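The values are calculated or read from the model by the stated rules, or taken from the named source; none is laboratory data. These numbers were taken from a predicted model, which means no experiment stands behind them. Backbone-built Cβ (ideal geometry, glycine too); neighbour counts: all protein chains shown.
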Amino acid sequence: MAEVFYRKWRPKSLGEVVGQEAITKTLKQAVAQGRTSHAYLFCGTRGTGKTSTARILAKAINCLSPKDGEPDNECHICVGINEARALDLIEIDAASNRGIDDIRDLSDKVRFSPNESRYKIYIIDEVHMLTEPAFNALLKTLEEPPAHAVFILATTEAHKVPLTIISRCQRYDFRRIPIDQMVAKLAYISEQEGIEVSDEALHLVARLANGGLRDAENLLEQVVVSYGSPISEDDVRQMLGLGGDEIALELVRHIIGKSVKDGITTVNNATEQGTDLRHLLRGTLEYLRALLLIKTGAGANFGYSDEIMSRLNTLAADAPMEHLVRALKVFAGVNMRRDAASTLPLELAVVESATEPEPVVVAAATPAYAPPQQVSPPQAAPPRNQPPSRPPAPQPTYRQPPRQAYRQSEEGAAASGSAPSEAPGARPASGGDLPDEPAARLAHQWNMIANDLRFVGTRLKLGAMLRSAKEREVSGHTIILKYPSRSNVERLQQELDNPESKRALDDAIAKAMGSLFQVEVALSNGANGAGMRRASQSSHLVQAAQAMGARVISEREEQQQ
């Protein structure tokens, strides 16, 4: 059986690792100076060389005659590692051996001396898959490892690795491989394999790999098996069902020109031709991104031909920046995971990107101070027997109500201690009509605050929890929310402990009140914290009995569920 490309052409020295020059240089100097660490953490996306670098480092540490920090690949230790038969190199897949028993077994065996090498190397791939107890067991081994043990941890999701593990390792972040270096590697492989392939095909394969050399090597081998030599760009497109860049570029042209009819027609024509709509979406996003970079003057190597770059430069000159950014946001939000064959998401994106957004009307801010009133000159007092004349009634003024208005609830009016200033369902005239007194203003704006937070919260929504507050008090710059049940207090306090929920609540209150306020939660007056309620006040059975003539002889309190 022939060996696949990504294994056959795997680098055997640090100098052969593609696109990670900063990391390989540091590791070579560490080996040459004898300053290697007992634990390493290699982070990065798939196909960027983490495992290959770990194996090369294992060879360099144990090599009998290293050269400038590089393994010679000639001694029996290097040959054993290259042939995957070295006893002192133990590779563990954390996705399959993720339990605490597996790590305990490792911790027991690590105490034994190496068989023939100076160091026993443990490579733990996908280390983020370990369970929390397994991480705790591994932590003790990393804290006090034997002198002959070296751990190399590799992961694609470094944020899932505990900080206690990361702090005990030398961390190296592997970046995505640039297109130029990936094309050079693919060209070298093609030359060694005797395959004739065009530069356009290599650039297309490199772009589709998205920074992963292993994916690029697999794609190249798949094209070679499918079409043989020579290989053109059309062969790659036909194999992957891309349908050509022409369709995506045509769609981008209609998006920039705000031609909804032609854009939707292009999407439907692509479907009739059998083009994968997910690839069409990806190509459209790549072209829109290229236009954005060209428009802003940020140079980048896109890997396109001169003809396509010329057409992109022409489109970028005619594309307004605002429309280009809006189109990018719209198409980046298209989700085709549920139904990849449906044209509706792309059609809606075409329409939305061509539609001008409605202008946002911002209400004038409420002044922080009241304008000084003019003092009228003193007038002569009326005669004693003549009643004082009433001033003329002010003429009513009519103001245009704002687009967004909030209904003032009866509960808010009762909490403020005054009757509602408007009939139920009326709209406030403007931001200037808000009460100046903080408590009254809070009651007036409470529904607006709750509406703004109706979708905010991790377990429970803040909007619903705020509406259930029975009492609200304002003391200085502090708003105190009181609940009759301790469970409500604890639930709201748990949500406020979340920084995102706390920030959203502070922003909503500052927007409604015109200044910053702190929020505190407490039990209402008379509540004992257990959430008590009287059966006669809440039970429908008791109320029905009273309606039939029964009377309450005694009452007892029950726990509120």
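Check whether at least one residue in the range 173-196 is within 30 Å of PRO145 (Cα to Cα), outside any helix (DSSP H, G or I), out of contact with any Cys (no Cβ under 8 Å at 6 or more places or on another chain) and not aliphatic (A, V, I, L, M), and report yes or no. Yes: the range 173-196 contains one or more residues that are within 30 Å of PRO145 (Cα to Cα), outside any helix (DSSP H, G or I), out of contact with any Cys (no Cβ under 8 Å at 6 or more places or on another chain) and not aliphatic (A, V, I, L, M). Beta carbons closer than 8 Å, at least 6 apart along the sequence or on distinct chains, pair a first residue in the range 312-332 that is without any contact (Cβ under 8 Å) to a residue 24 or more places away in the chain with a second that is of a type in the set (Val, Ile, Thr) for ASN313/ILE294. Of the strands (runs of 3 or more DSSP E) that lie entirely inside the range 467-558, those containing 3 or more residues that are at pLDDT 75 or above and either within 21 Å of ILE449 (Cβ to Cβ) or not assigned by TED's automatic domain parsing to the domain that holds ASP452 (or both) span 471-475, 478-483, 518-523.
When PHE42 is tested against the conditions (1) buried (at least 18 other Cβ atoms within 10 Å of the Cβ); (2) closer than 30 Å to ILE179 by Cβ; (3) modelled with pLDDT under 90, the lone failure is (3). With the requirement that a residue be surrounded by 15 or more Cβ atoms within 10 Å (Cβ to Cβ) and in contact (Cβ under 8 Å) with a residue 24 or more places away in the chain, what does the range 259-277 give you? Result: SER259, VAL260, GLY263, ILE264, VAL267, ALA270, THR271, THR275, ASP276, LEU277. Within the range 126-151, being farther than 14 Å from ASN97 by Cβ and in a loop (DSSP other than H, G, I, E, B) holds for GLU144, PRO145, PRO146, ALA147, HIS148. Cβ separations smaller than 7 Å between residues 6+ apart or across chains give the following pairs from the range 78-94 residues that are over 12 Å from ALA58 (Cα atoms) to residues that are of a type in the set (Ser, Thr, Tyr) and buried (at least 19 other Cβ atoms within 10 Å of the Cβ): ILE92/TYR122. Give the residue that is modelled with the highest pLDDT, with candidates limited to residues of the range 436-455 that are surrounded by fewer than 18 Cβ atoms within 10 Å (Cβ to Cβ) and part of a loop (DSSP other than H, G, I, E, B). Once the filter is applied, the top-ranked residue is GLU437.
Within the range 16-37, if we keep just the residues that are assigned to a loop (DSSP other than H, G, I, E, B) and under 34 Å from the mean Cα position of the chain (by Cα), the residue that is nearest to ASN62 (Cα to Cα) turns out to be SER37. Does LEU219 meet the test of being of a type in the set (A, V, I, L, M), without any contact (Cβ under 8 Å) to a residue 40 or more places away in the chain, assigned to a helix (DSSP H, G or I) and over 26 Å from ARG46 (Cβ atoms)? Criteria not met by LEU219. Report yes if ALA60 is under 19 Å from ILE23 (Cβ atoms), surrounded by 14 or more Cβ atoms within 10 Å (Cβ to Cβ) and free of Cβ contacts under 8 Å to residues at least 60 places away in the same chain, otherwise no. Answer is yes for this residue. If the condition is being over 22 Å from PRO162 (Cα atoms) and assigned to a strand (DSSP E or B), then the range 105-125 contributes only LYS120. Per the conditions (1) closer than 24 Å to ILE23 by Cβ; (2) surrounded by 17 or more Cβ atoms within 10 Å (Cβ to Cβ); (3) free of Cβ contacts under 8 Å to residues at least 24 places away in the same chain, the sole criterion not satisfied by LEU163 is (2).
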